[in-house]
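Only one structure is covered here, and it is reproduced in the block below.
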Amino acid sequence: MLTSRFSIGIEEEFQSVDSQSGELRSSIYALFEKSQGLFGDRLHAEWAQSMIELATGVCPNIAAARRELYQMRALLAQVMRQESL
């Protein structure tokens with residue numbers, strides 16, 4: 001049972017960009033496959049091959065959503081660095 005009438009969830013879309021040229025990279029599907037086990041249904045491939053979306057779960061307040069989003073961003077960045085994506 002929720003103790004509040006309201007809840008919040010946040011979705012963010014990211015684009016993969018080559019660190020040398022600044023050009024968009026079409027590596028999102030490789031990232032999606034490698035990260036699906038880490039993020040489950042909170043990671044979504046988008047229509048453009050350079051875009052991916054992260055979504056929080058339903059959170060009771062903005063502080064909880066912020067914490068979850070920061071953790072997911074950090075994990076996504078770590079995976080991209082490890083995979084050179």
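The values are calculated or read from the model by the stated rules, or taken from the named source; none is laboratory data. These numbers come from a predicted model, not from an experiment. Here Cβ is always computed from backbone atoms with ideal geometry, including for glycine, and neighbour counts include all displayed protein chains.
Structure values in brief
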item: Search result, residues across the stretch 53-68 that are within 11 Å of the chain's Cα centre (by Cα), of a type in the set (A, V, I, L, M, F, W, C) and either surrounded by fewer than 13 Cβ atoms within 10 Å (Cβ to Cβ) or under 23 Å from ASP18 (Cα atoms) (or both); result: LEU54
item: Matching residues, the stretch 4-24, being surrounded by 13 or more Cβ atoms within 10 Å (Cβ to Cβ) and over 30 Å from ILE62 (Cβ atoms); result: LEU24
item: Pick from the stretch 34-50, criterion loosely packed, with under 12 Cβ neighbours inside 10 Å and modelled with pLDDT of 80 or more, ranking: farthest from GLU68 (Cα to Cα); result: GLY37
